[in-house]
Amino acid sequence: MSFLPATQRASYTMDKNYVDLLQSKNETSTLLGGEQLSAVLANNKYICPLTLKGSETSDSVDLDQAIHSGLNGDNKMLIIVGSEGSGKTLALNKVIVDWAKGDRLQNFSHVFRISLKDICLAEEELSLEMLLARYQVPVESALCVLQKPEELLFIMDDLDQLRHSQGTMDDVLSSDPKQKTSVSTLIASLLKGSLLKGASFLVATRPSSCVNLLSGTPVNVLGFTKHQKEEYFQNFYQDPSKAAKAFHHMERTVGFYDLSASPRFLWSVCSVYQSLMDASEPLPETLSQLCACILVYLMKTQPQNQIQNREFILAIGRIAFCCLSNQHLSCAKDQLDAVGLQLIPDSSLEDYLHVHGELLSFHSQFILEFVLALSMFLDEHEGVEKMLERLESNLTFLDLFLSGMSEVSQRSPLETLLGEFNKDQIQAFKGWFKTSSEERLKGCNSSYHARCFQLLHQTQNASLVKEIISPSVRMGIGCGKLSLQDYVGLNYVVSCLGQTDQLNLYTMRDMSGESMKLLVPAMSLSHKIILSSSSMATEAIGLLASALKCGITTHLDLSYSPLDGDKFKILCTGLRDSKIQTLEIPVCSLDEASCDFLVPVLTSASSQLCVLDIRANLIGNPGFAKLCLGLQSPNCRLQELQLQHCEVTSVSMETLAAVLTSGHSELRSINLTNNCVGDKGVETLCSSLQHPLCKLQSLNLFGAELTGACCGYLKVALMSQHCSLVELDLSLNELGQEGALLLCQALNTPGSHLEKLRMNRCELTQQVFEELGLLLMRDTTRLTSLSVGLNQGEDKGVKYILDAVTHPNCVIEELDLEMNKVTDASIDNICAALRGCKSLKSLELRNNSLTDIAVPPLVQAMQDSPHVLELNLKYNDFSEDVFEMMDECERIRY
């Protein structure tokens, strides 16, 4: 604890400030502990990390600004939350320097700096007065100070190191400065305002549950930005070219880990890179290799033989296990006797551990877990699965390090100094890794997939990737925002495989250019890319376009992903020269202007686009007119166009008819669902269907605001010798009996090619059902699929069709009779149809009125009819009593 009264501030020179305020007698620059704090400030190398203030904002400010603005006004507590080595301690010390110089926070007359790590092991009870006296605050000063709490600032570091910190906040609190109590209760009483109400507090902690129990404002330390990291490297290296080389290598190999934003981690990286570059040795490619280089560097500074090195690492590994088991990164010195560290001098330990009085703590979580991984491979340990399960809640890197060190190429530098690793332990890990990976990859848990890919990346073993990622494994991860290391792992796996059929990246949130850049190689090796329901930055779209231009992708799915503004324009520049054959861009916030960018894609000489799904984008008639210009180009190869919900009306049908009859159009299928085509629009379309140059085979007019009046035009078109339609959907239109009967007349024509007809919810009557039954029995019909659900067929009307299904001439394969008020009276007809029609593969009877009585004969009929692949009986009037019986036939859905 440091104390500085206002009366002494003015007499302090900067050098004296550094000595008295910052430089403890044990402070040294260490590879893992970071650079000496006083040196950072004295040499003007301080770079202020960025923060997020509070939990409701996404605006970032630098930490200095957040601290000084947060301690002004009525706010009495600011909580700095950040991971290890993120710059919290240095920022706290800089607050003292700025205050001592008179630059900031001059509303405080006294500043107290308390390191909770120093006092958390104190066993004796203390009062507030005793605590101040313990750190050389004179009694008379203490009495004076306590009279004006509003002028006091307490700076507390390492709140997470306070033993039982969460429970502490709920303890009985003290309000008397003279009352002795436990250290934890004393600190809680200060922070809760029971002691020195009105005093201000600046508290630093690693992420901990106790933060939620305090009333202060949290400030989350983000660490360094990419630009700040680059500046750090430039400050570290005197040679700008060496700084650039080191920075770019770090960014490529470990820059995607959160810890790479930590100043302390960057100090370690820079120090090791400098040593390797000076020795003309290659720089590490993975985090495991980096940690191995760090340990090699440290062990070479200690003149010990192989046996001593091995025993030292085993001893530190045991203390690491002890720390993780206790869910704490520190331990008391008196705990070390049992692990064999009591004879090792502090100077050796300080490279790995922070030695502070009677307390030892690891400089960083990553080195703690790396040492534990090494000790597991150097000696006999319990099974890796049990170890990982026991420590799971406290682990971040252990499985990564085990994966990396299981490969001989990765561990060989360490074996030179530590001796050969335990082969049995390594084989046991490899067996567990292979089995668990294969099992997890069979499922759809994206977090399991991502972790497996990260582990494989650490091995740097392409053969192992090909062995574990079999062709049957579903490649891809998604469902939420992934970390940068997830992208790196996925990219590594795909690169090792050479190519993949499908890359699933659906529901990616806020994909930045940095994220997309890591995935570009994998995307260029993927035949199909799924990025549905994803949000991407403009820079990310540009990188995706580049990947499409140089890659093998033939199918791109961007459904429900916003492509407004310049994003779609940028995407289309890549699509023009790509190999894309299927493009799915429904619900992408496109409009009429977007069609200007799509036309060059359709007309490009290199375009291979065959399927375009642009549904639910409000392009309207003007946008569709632009598309039609592209569709008439001799270069356009489009065969299928999905235009549902695009606000296209009958006006556009003339333009479409011109496309279909132009002689250049390759269109085979068009879906106009839920567009206001109307009877007039159908009339125009039907004229083109009779044209000899029209190649359209599938027309979907679901919900197109049609009436029976359009059926006359359709009848003429279907009877035309030039009509090539094989599929027609007229569902959800008011065709009525008269209109439907006209269609049946057309289908009776020997030259009709129609194979699939859907007229769900078209106000069909029993007479129409009768006519359809007659149609199915004629030897001229080609109908293989008929949907007449949601009509008024009832048992009588349905009987006409079911009787026809048993006729030798009937070739029906799919029959949909959903919601036609079918009752148990039709059971015999249904069973006869199932048994009698050998072409029937699917029968839809959902939402009817069948009861339990119908189940036994239906189950038996299905068992007698192996050719029927599915009988759908969902939403009928069945009780749970018959569910088990229906389970006897797996082809029944109920």
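The values are calculated or read from the model by the stated rules, or taken from the named source; none is laboratory data. None of these values were measured; they are calculated from a predicted model. A quick note on method: Cβ atoms are made from the backbone with ideal geometry, for glycine too, and the neighbour counts reach across all protein chains shown. All accessible areas refer to the heavy atoms of the entire protein, side chains included, with ligands and DNA or RNA removed. Shrake-Rupley method; radii C 1.70, N 1.55, O 1.52, S 1.80 Å.
General observations
- Cα centre as origin, Lys/Arg/Asp/Glu Cβ charges: the range 793-836 dipole, Debye: 160 debye
- For a straight C-alpha distance cut-off of 18 angstrom, the lysines reachable from LYS434 (same-chain residues fewer than eight places away being disregarded) are LYS386, LYS423, LYS442, LYS466.
- On Cα atoms only, tilt of 263-278 relative to the major axis of the chain in degrees: 90 degrees
- Calculated [222 nm] ellipticity per residue, helices only, for the chain: -13000 deg cm²/dmol; basis is -39500 (n - 2.57) per DSSP H run with n ≥ 4, divided by all residues, nearest 500.
- Inverse mean reciprocal Cα-Cα distance (Kirkwood Rh) of the chain, Å: 33.3 Å
- With each label modelled as a point 7 angstrom along the Cα→C-beta vector, the LYS466-LYS442 pair spans 2.5 nm.
- Debye log10 I(q)/I(0) for the range 706-828, one point scatterer per Cα, at q = 0.13, 0.15, 0.17, 0.18 Å⁻¹: -0.45, -0.61, -0.79, -0.89
- Under the criterion of Cα pairs below 8 Å and six or more residues apart, the relative contact order for the chain equals 5 percent.
- Cross-link pairs exceeding 19 Å in C-alpha to C-alpha distance, out of LYS245/LYS300; LYS841/LYS874; LYS45/LYS94; LYS838/LYS874, comprise LYS245/LYS300; LYS838/LYS874.
- Label-point separation, GLU392 to LYS841 (7 Å along Cα→Cβ), nm: 4.3 nm
- Average Cα contact separation per residue, the range 400-474, under 8 Å, 6 or more apart, as relative contact order %: 45 percent
- Considering the range 757-838 at the alpha-carbon level, its Rg and Dmax are found to be 11.4, 33 Å.
- Of all DSSP beta bridges in the chain, antiparallel share, percent nearest 5: 25 percent
- Kirkwood-type hydrodynamic radius, the range 168-219: 11.7 Å, calculated from all non-identical alpha-carbon pairs.
- Residue ranges 77-83, 755-761 sort as 77-83, 755-761 when ordered by packing (mean number of other C-beta atoms within 10 Å per residue, highest first).
- Surface share of carbon and sulfur [accessible, 1.4 angstrom probe, percent] for the range 387-455: 48 percent
- Between the residues ASN675, LEU701, LEU276, the greatest Cα displacement towards the positive end of the dipole of the chain, with unit charges on the Cβ of Lys, Arg, Asp and Glu, is found for LEU276.
- If you take the Cα centroid of the range 477-553 and the Cα centroid of the range 828-879, the two points sit 45 Å apart.
- If you wrap the Cα atoms of the range 602-699 in a convex hull and average its projected area over all directions, you get 5.3 nm².
- Pair ASN107, GLU150: separation of 7 Å Cα→Cβ label points (nm): 1.0 nm
- Degrees, to the nearest 10: 365-378 long Cα axis against longest axis of the chain: 90 degrees
- Subset of LYS117/LYS192; LYS481/LYS517; LYS88/LYS148; LYS796/LYS821; LYS549/LYS626; LYS567/LYS626 violating a 22 Å alpha-carbon distance limit: LYS88/LYS148; LYS549/LYS626
- Peptide packing for 401-407, 194-200 was compared via the average number of neighbouring C-beta atoms within 10 Å per residue; ordered from the highest value, the list is 401-407, 194-200.
- Look at the alpha carbon pairs under 8 Å that are at least 6 residues apart: their mean separation over the length of the range 238-301 gives a relative contact order of 31 percent.
- Using alpha-carbon coordinates, inclination of helix 226-236 to the longest axis of the chain, degrees: 30 degrees
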